[in-house]
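Engineer: Would you mind keeping the following structure in view while I ask a few things?
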Amino acid sequence: MGIKSNIFLGIVVILMMASCQHTSNREHYITSGQAWLDTDSSLINAHGGGVLYYKGLYYWYGEYKGDSTYRLEQVDTWECWRADARGVSCYSSPDLSNWKFEGIVLKPVKEDHSSDLHPSQVMERPKVIYNEKTGKFVLWMHVDSPDYGKGMAGVAVADRPTGPFRYLGSLKPNGFDCRDQTLFKDTDGKAYHICSTDWNKSLMVSLLSDDYTKPSGQYKRILVGQKREAPAVFKRNGTYYLLTSGCTGWDPNEASYATADSLMGEWRIQGNPCKGPKADKTFDAQSTFVLKIEGQDRYIAMFDRWNKQDLIHSSYIWLPIDFDGGEMTIEWKDRWNLNLGNTK
């Protein structure tokens, strides 16, 4: 083959690669409210979850729910629909669109009915952050009794993002009850645990120890008396954002967000960021996490659309966050393009 042929072939290959890349960027779509399947065409089972980015991959952790839903009739204060807690699941993806099932990274303890990890107990809203100092991946979640009377946080650690995670036990952060919860790792490496407390009347922000496995003792109760849950925290341009829901059990309600200059500072309530059909009900969903797209000034609000009588078939709502005009808005989109090649 001559030099000209080699040059021509090289140009063709480059154009094909560019075309594939362009197609790849164009075809990373998010479709909310429908069943999401993993790369094996199985239903993604990762409810109340959060996402960790580590070495080129996104890791999505969530509640791995059993396939039977039942109601605890002895709980008469709210509709206590339950599904067996079958551990914490993990999925990995290079593009936020194609998710590979990595397995159950924190397994249930089926033989011990007194364990926090027994399937009859509550394991909710798992979140994972990485500690560079210890080289450990640290998982926090809400653990509870079936009637939600215990109100504690459970902690586990692992050497790899795909586990297995080793359970360290449960605690009441700073002596307070803990229910819906999340984790936030700041740009200075400090980590925080944020949870609903006072029986969901308030939220609490706790600075964690250097190894991220326990509260440091420094904390602040925020949004006192506001009755908020489902916290999701992120930081943009030096401002902290806190997205929450109201407290109406499995039924949807109006979202609200607040901002602050410091996690331990004063939080300013800004109102409902949702726009579009059923915005007053958070698109029939509830917040769980805000995901930052790596390397970009772009954020995705993650919600669960709970199917309270068939919890395993609850679906996921992922929507882009907009900051035009200085306000945070989340507008409903049936289907939208991730466009990971767009760095704006």
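Every number in this text was worked out from the coordinates using simple rules, so none of it is lab data. Note that the coordinates shown come from a computational prediction; the quantities given were computed from them, not determined experimentally. Ideal geometry is used to build each Cβ from the backbone, glycine not excepted, and the neighbour counts take in all protein chains shown.
Engineer: How large is the direction-averaged shadow of the alpha-carbon convex hull of the stretch 220-344, in nm²?
Structural biologist: Values: hull surface 33.8 nm².
Answer in nm², one decimal: 8.4.
Engineer: Work out from phi, with θ = phi - 60° and the Karplus expression 6.51 cos²θ - 1.76 cosθ + 1.60, the ³J(HN,Hα) of each residue of the stretch 326-331, listed in order in whole Hz, and give x for Gly and Pro.
Structural biologist: Couplings: x, 9, 7, 10, 10, 9 Hz.
Engineer: Using DSSP to call loops (not H, G, I, E or B), can you name the trypsin sites (Lys or Arg not before Pro) in the stretch 51-87 whose Cβ has at most 16 other Cβ atoms within 10 angstrom? The partial results should precede the final answer.
Structural biologist: Details: sites: LYS55, LYS65, ARG71, ARG82, ARG86; in loops: LYS55.
Here the trypsin sites (Lys or Arg not before Pro) that fit, given the DSSP loop and packing criteria, are LYS55.
Engineer: Angle, helix 3-26 long axis vs. longest principal axis of the chain, Cα atoms, 0 to 90°, nearest 10?
Structural biologist: Compared with the principal axis, the helix lies near 30 degrees.
Engineer: Convert each backbone phi in the stretch 90-102 into a coupling constant with the Karplus relation 6.51 cos²θ - 1.76 cosθ + 1.60 (shift: θ = phi - 60°), then list the ³J(HN,Hα) values in order as whole Hz, x for Gly and Pro.
Structural biologist: The phi angles translate into 9, 10, 10, 7, x, 9, 6, 10, 9, 10, 9, 6, 9 Hz.
Engineer: Right, next: Determine, from the Cβ-Cβ distance of GLU331 and LEU72 and an R0 of 35 Å, the FRET efficiency 1/(1 + (r/R0)^6), rounded to the nearest 0.05. Write out the running numbers ahead of the final one.
Structural biologist: Numbers: r = 37 Å, r/R0 = 1.06.
With R0 = 35 Å, the Cβ-Cβ based efficiency is 0.40.
Engineer: What are the ³J(HN,Hα) couplings of the stretch 157-170, residue after residue, when phi is run through the Karplus curve with 6.51, -1.76, 1.60 and θ = phi - 60°? Round to Hz, x for glycine and proline.
Structural biologist: My calculation for the stretch 157-170 gives 9, 8, 8, 9, x, 8, x, x, 8, 9, 6, 8, x, 10 Hz in order.
Engineer: Report the label-to-label distance for LYS227 and LYS107 in nanometres (one decimal), using points 7 Å from each Cα along the Cα→Cβ vector.
Structural biologist: It is 4.3 nm.
Engineer: Still on this structure, I have one more. Restricting to Cα pairs below 8 Å that are 6+ residues apart, what does the relative contact order work out to for the stretch 32-337? Please round to a whole percent. Let's see the in-between values first.
Structural biologist: Working: 820 pairs, mean separation 41.6, N = 306.
Value for the stretch 32-337: 14 percent.
Engineer: In the chain, which longest range has no GluC sites (Glu not before Pro) that are both DSSP loop (not H, G, I, E or B) and surrounded by at most 10 other Cβ atoms within 10 Å?
Structural biologist: Longest site-free region, per DSSP loop and neighbour criteria: 133-344.
Engineer: If you take log10 I(q)/I(0) by the Debye sum over Cα atoms at q = 0.08 Å⁻¹ from the coordinates, which of (i) -0.49; (ii) -0.42; (iii) -0.38 do you get?
Structural biologist: Calculated log10 I(q)/I(0) by the Debye sum over Cα atoms at q = 0.08 Å⁻¹: the matching label is (iii).
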